[in-house]
Every structure is written in structure tokens, then in C-alpha cells.
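**Q** Have a look at this one before I ask anything.
The values are calculated or read from the model by the stated rules, or taken from the named source; none is laboratory data. Here the structure is a predicted model, which is why all the values come from computation and not from measurement. Every residue, glycine among them, receives a Cβ derived from its backbone with ideal geometry; neighbour counts consider all protein chains shown.
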Amino acid sequence: MVDVDGLKFDAQVSRRIEAVYTTPDVVEQRQAVRAALALRPGDRVLDIGVGPGLLAAEMAGEVGPDGRICGIDISDSMLAIARTRADVPGGPGIELEQASVDRIPYPAESFDVVVSTQVFEYVEDVAGALREVRRVLRPAGRVVLLDTDWGSVVWRSNDDTRMARVLTAFEDHLADPHLPRTLADVLVKTGFTPTHQQVVPILNTGYDERTFSAGLIDIVSDFVPGHGDVTAEETAAWADDLRGLGDSYFFSLNRYLFVASAL
Ligand SMILES: C[S@@+](CC[C@H](N)C(=O)[O-])C[C@H]1O[C@@H](n2cnc3c(N)ncnc32)[C@H](O)[C@@H]1O
């Protein structure tokens, strides 16, 4: 669960995330997730931490009218955005509910596939959450997870000490900023068989507003003042430095994608 110190998915953060998740970087990431999902018409899918509903809407078109797409999220602001995408032509209509992964509001074996992108890194009890996922999956159903390892970030700055302080403070927004490196172990411990792992990198070279990392500067700027001992002034100077790099701007970050079977 997101605790009092973590990122709050309120109306402003939800809108910022929706904007960042419509950039070409994250559109491409969803293509990698959908390739790993390999959905078929009629599949029943649960999207945990459905967020703005972008992936859910794409999946609805793939499973068609005989399929089922359910989305849960703890944030009412995110669910309000997702509701604007709930009716997909040729889809089943997306069913949305406010709920947390640690108490999934569906009976056992309700789904063929469970997907959760950029969510488990916010979850305190990942093993408990995976046991819930396993409960709602049919035997031999599969789970697809994607999370960021913040140890992979490479972000050019004119002040590397300040960059390190800001990134360390930003790690407070997550329960586990390094989840991917241990996730396969936790999947095995909770009874899953990992079948596929891949890296999904993001690379932004040259400063451009319509990129993942340009939007991330705003999200970091809202979050970090008061975390660690980073001040608002230091954060503003950090952001100004990055935006001023122009053609010399460089950002790279890795997401990691896991497919596992509930055998
Ligand atoms: C970074 S967003 C990702 C949204 C979406 N999965 C995507 O990739 O477009 C994280 C989402 O996870 C949700 N979330 C965080 N903790 C959760 C929990 N314990 N159960 C369900 N949703 C959660 C947040 O409210 C937010 O909508």
C-alpha cells in the first residue's frame, strides 16, 4: 500500500502520470507489455493498479466482446480518468473498482491473465500480493509484471552530487525502488514459474517535452522537497539545470518485464 510518505495518486499526480504515459516512450513500453501478454479473443484479464486505463483500453480491443477486462486501483482520481476510457469500440466494456492488490475483490480462478505495470514497486507486501494474484488466476493462468529498477537510472547533470541527493529522496516514493532484481525469486516462492524476463529501456537524448523523462522532472519536483533534506530551492535548481541542457540532455532508465505461470 502507498503509505503517508509515499507518492499520493491525487488528482494532480494522476493527471501528470496520464500525460507522461501518453508519450511515445510509454506507448512503446505498452507495446512490449502487450506482446508479452499475447492476449486472445475471449481472455479474462485483471489489470491491478489500472491507473489512467491506457493499457486496459488497448487490451479491451484485443480480447473483444467475449472477453473480460477488470481494473482495480486504490486511487479514486486514477479511476475517474480510467472511466473515461471504459467504453472501447469492439471491446467488452472495462469493469473498474476501487480496491488494493492485497485484497482483490474477485472469487478464485476468475482470470486467465493478471497484469500489473508500475505498481508492485509501491506495494509493501509483494509476496502477499502475489498470493492474491495466484488465488484469482485459473490454474496455468499467467501474470505479467513490469517495474522500474531505479538503480538503472543514468541522468546527465551539471551537478552529480545534487542529482544523487534528488534521486535518493525520490526513492522514498516507492516501497521498493529496486524490486525487479528480486522479483523472480518472490514469484518462485509464491508458487509461480517464471517463463520470460526482459528489459524495457527508455532512452531520451536531447531535451523534449514529449518524453517520459521531461514529465518525470515535474513529478520528481512535486515530490522531493522535504524528503531526505532536499529543499524546494535545490529541487528547482536541479530541474532548471536539466531543462537547460538542450541537445546535451541525456536520460536512460530500465523497466523489467516478467511473465510467470501459475502452474
Ligand atoms: C505509476 S501508476 C501505473 C498505472 C498503470 N498500471 C500504468 O502502467 O499505466 C501506479 C498505479 O498503481 C496504483 N496502486 C498503488 N498501490 C496500489 C495497490 N496496493 N493496489 C492497487 N493499486 C495500487 C496507483 O493508485 C496508481 O494508479
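**Q** For the range 68-151, please list each of the strands (runs of 3 or more DSSP E) lying entirely inside it that holds at least 1 residues being touching a Ser or Thr at 6+ places or on another chain (Cβ under 6 Å).
**A** Result: 137-148.
**Q** Further question on the same structure: Among the residues of the range 174-213, how many are among the polar types (S, T, N, Q), under 20 Å from Arg30 (Cβ atoms) and outside any strand (DSSP E or B)?
**A** Adding up the residues that qualify gives 2.
**Q** Name, by its number, the condition in (1) hydrophobic (A, V, I, L, M, F, W, C); (2) surrounded by 17 or more Cβ atoms within 10 Å (Cβ to Cβ); (3) touching a helix residue (DSSP H, G or I) at 6+ places or on another chain (Cβ under 7 Å) that does not hold for Ala108.
**A** Failed condition: (2).
**Q** From the set of residues in the range 89-105 that are at pLDDT 95 or above and crowded, with 18+ Cβ neighbours inside 10 Å, which is nearest to Val50 (Cα to Cα)?
**A** Leu96
**Q** Let me ask something additional. List every residue pair whose Cβ atoms sit under 7 Å apart, with the two residues 6 or more apart in sequence or on different chains, where the first one lies in the range 66-92 and is closer than 19 Å to Tyr106 by Cβ and among the charged types (D, E, K, R) and the second, anywhere, is surrounded by fewer than 18 Cβ atoms within 10 Å (Cβ to Cβ) and modelled with pLDDT of 95 or more.
**A** Close Cβ pairs satisfying both conditions: Asp66/Pro41; Asp66/Gly42; Asp73/Gln98.
**Q** Restricting the search to the range 54-76, which residues are under 18 Å from the mean Cα position of the chain (by Cα), more than 8 Å from the ligand (Cβ to nearest atom) and crowded, with 16+ Cβ neighbours inside 10 Å?
**A** Across the range 54-76, the qualifying residues are Ala56, Ala57, Glu58, Met59, Ile69, Cys70, Gly71.
**Q** Further, regarding this structure: From the list Val33, Val45, which residue is within 18 Å of Val114 (Cα to Cα), among the β-branched types (Val, Ile, Thr), touching a Gly at 6+ places or on another chain (Cβ under 9 Å) and modelled with pLDDT of 95 or more?
**A** Val45
**Q** Still on this structure, please answer the following. Please go through the range 121-138 and give me each residue that is buried (at least 21 other Cβ atoms within 10 Å of the Cβ), within 12 Å of Ser100 (Cα to Cα) and within 10 Å of the ligand (Cβ to nearest atom), ordered by number.
**A** Tyr122, Val123, Ala129
**Q** Among the residues of the range 241-253, is any among the acidic types (Asp, Glu), surrounded by fewer than 19 Cβ atoms within 10 Å (Cβ to Cβ) and without any contact (Cβ under 8 Å) to a residue 24 or more places away in the chain?
**A** no
**Q** Return the residue satisfying two criteria in turn: it lies in the range 33-53 and is basic (Lys, Arg) and more than 27 Å from Asn254 (Cα to Cα), and of such residues it is nearest to the ligand (Cβ to nearest atom).
**A** Arg44
**Q** I'm trying to understand the selection: among the residues of the range 214-228, which are in contact (Cβ under 8 Å) with a residue 40 or more places away in the chain and either acidic (Asp, Glu) or not in a helix (DSSP H, G or I) (or both)?
**A** Residues satisfying the conditions are Asp218, Asp222, Val224, His227, Gly228.
**Q** Please count how many residues of the range 182-203 are charged (D, E, K, R) and either closer than 16 Å to Val115 by Cβ or without any contact (Cβ under 8 Å) to a residue 40 or more places away in the chain (or both).
**A** The qualifying residues number 1.
**Q** If a residue must be over 30 Å from Val188 (Cα atoms) and modelled with pLDDT under 95, how many such residues does the range 228-263 contain?
**A** Qualifying residue count, the range 228-263: 2.
**Q** Take Asp102 and decide whether it is under 28 Å from Ala11 (Cβ atoms) and without any contact (Cβ under 8 Å) to a residue 24 or more places away in the chain.
**A** no
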